[in-house]
Amino acid sequence: MSNLSVNHLLGIKYITKNDIELILETAKSFKEVINRPIKKVPSLRDLTVANLFFENSTRTRLSFELAQKRLSADVVNFSAASSSVKKGETLIDTVNNILAMKVDMVVMRHSSAGAAEFLSRKVKSKIVNAGDGAHEHPTQALLDAFSMQEKIGDLKGKKIAIVGDILHSRVALSNIFCLQKLGAEVKVCGPITLIPKYIESLGVKVETDLRKTLEWCDVANMLRIQLERQDIKFFPSIREYTMLYGLDKTLLDSLSKKILIMHPGPINRGVEITSEVADCSQSIILDQVENGVAIRMAVMFLLAGRQ
């Protein structure tokens with residue numbers, strides 16, 4: 001079996017196409033494991049993994065925790081969302097305390113971009129970035145790519161649209177890096193105020209018309225409006241956003257071809273997509289949730305194997 005080229009998963013930007021393919025391939029075996037009657041393997045039996053969440057998260061934390069338990073790791077959970085841990089130095093103090101307990105791997109979500117990378121230079125444990133500010137969310141991009149591959153095969157030459165709040169989204173950036181490394185074409189769509197100025201320098205097309213984007217793509221990944229990261233108003237009202245960029249069943253059914261619908265969650269039902277779309281046969285949102293566990297198992301298993 002080949003190895004990852006990195007000691008940590010800090011972002012898709014830092015890994016190779018071979019790394020991505022190895023993780024996706026490994027996740028296939030783990031997906032079989034989690035669909036068996038006995039869902040556990042002893043792969044990380046002697047390892048201790050600490051989940052450090054300095055920012056609120058339910059789905060990602062639960063997904064990582066489930067993945068760790070399926071791999072038989074010992075798990076320590078630390079939630080700092082309600083504490084005063086905000087600055088780099090207190091971050092190091094917190095982590096050093098946890099490392100003094102002999103932790104082998106740290107899964108961390110933090111509101112500051114670069115926090116995981118900063119940590120990887122200070123401590124000996126393997127670091128998995130579970131989201132750093134509006135920067136990257138690598139395991140989400142990997143599970144998105146895995147979910148797409150299951151449905152439409154090789155992503156080379158496929159057209160993927162990312163719709164919504166691109167500016168505040170770490171999912172968008174990780175997805176762009178991941179999809180491009182796998183040979184897909186990427187287009188972003190949303191109000192011009194929510195599209196970063198630098199985005200075209202990444203080789204991404206920009207479109208502000210939702211219907212045109214949906215007619216172009218094979219898969220539409222609908223992002224949540226991140227109101228908690230917006231300190232000023234980027235569009236007049238939620239209602240206006242929904243009228244221009246919300247996806248309902250009427251619009252979906254009127255397209256000239258069937259496309260896949262994805263959403264990284266949590267969904268604002270009735271804002272970016274309606275309940276009808278979220279629950280329809282073209283939606284693979286629940287596949288994404290299931291695949292998240294398999295992908296996170298693969299990432300931690302492969303990192304643990306790098307001595």
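Values quoted throughout were computed directly from the atomic coordinates according to the rules given, and no laboratory measurement underlies them. Quick caveat: nothing in here was measured; it's all calculated off a predicted structure. Backbone-built Cβ (ideal geometry, glycine too); neighbour counts: all protein chains shown.
Worth pointing out:
- What the Cβ-Cβ distance of residue 121 and residue 76 gives, at R0 = 30 Å and to the nearest 0.05, is a FRET efficiency of 0.85.
- Legend: residue pairs 13/187; 181/249; 17/257; 197/257; 151/187, Cα-Cα distance threshold 25 Å; pairs beyond threshold, 181/249; 17/257; 197/257.
- For the range 275-287, backbone phi angles converted through the Karplus equation (6.51, -1.76, 1.60; θ = phi - 60°) give residue-by-residue couplings of 4, 4, 6, 4, 9, 7, 5, 7, 8, 10, 5, 6, 4 Hz, Gly and Pro being listed as x.
- Contact order for the range 151-307, expressed relative to its length and based on alpha carbon pairs under 8 Å spaced 6+ residues apart, stands at 22 percent.
- Taken over the chain, the percentage of Cα pairs per 10 Å bin, counting from 0 up to the bin with the maximum distance, is 6, 28, 35, 23, 8, 1.
- Among 58, 242, 48: highest mean-square fluctuation, GNM of the chain, C-alpha pairs under 10 Å: 58
- Proximity of backbone amide H atoms, modeled 1.01 Å from N, is registered between residue 107 and 50, 51, 52, 128 at under 5 Å, excluding neighbours fewer than 5 places apart on the same chain.
- Adding -39500 (n - 2.57) for every DSSP H run of four residues or longer, then dividing by how many residues the chain holds, sets the calculated 222 nm ellipticity at -11500 deg cm²/dmol.
- Reachable aspartates and glutamates from residue 31, criterion Cα separation under 20 angstrom, eight or more residues apart if same chain: 19, 21, 65, 144, 150, 154, 287, 290
- Cβ-defined net charge surrounding residue 287, 12 Å radius [Lys, Arg +1; Asp, Glu -1]: -1
- Percent RCO, i.e. relative contact order, over the chain, from Cα pairs under 8 Å lying at least 6 residues apart: 20
- Across every pair of non-identical alpha carbons in the range 1-151, the mean reciprocal distance, once inverted, gives a Kirkwood radius of 16.1 Å.
- With both residues required to sit in the chain, DSSP beta bridges show an antiparallel share near 5%.
- Contact order, relative form, for the range 1-84: 27 percent (alpha carbon pairs under 8 Å, 6 or more residues apart, mean separation divided by residue count).
- Divide the volume of the convex hull around the Cα atoms of the range 138-288 by the residue count and you get 101 Å³ per residue.
- Nearest-ten-degree value, helix 88-99 long axis tilted from longest Cα axis of the chain: 50
- For the range 33-56 versus the range 121-193, the gap between their alpha-carbon centres in whole angstrom: 23
- Angle in degrees between helix 170-181 and the longest Cα principal axis of the chain, rounded to the nearest 10: 90
- Derived scalar couplings between HN and Hα for the range 59-67 equal 5, 5, 5, 5, 5, 5, 5, 5, 4 Hz in order, rounded to whole Hz, by the Karplus curve 6.51 cos²θ - 1.76 cosθ + 1.60 (θ = phi - 60°), x for Gly and Pro.
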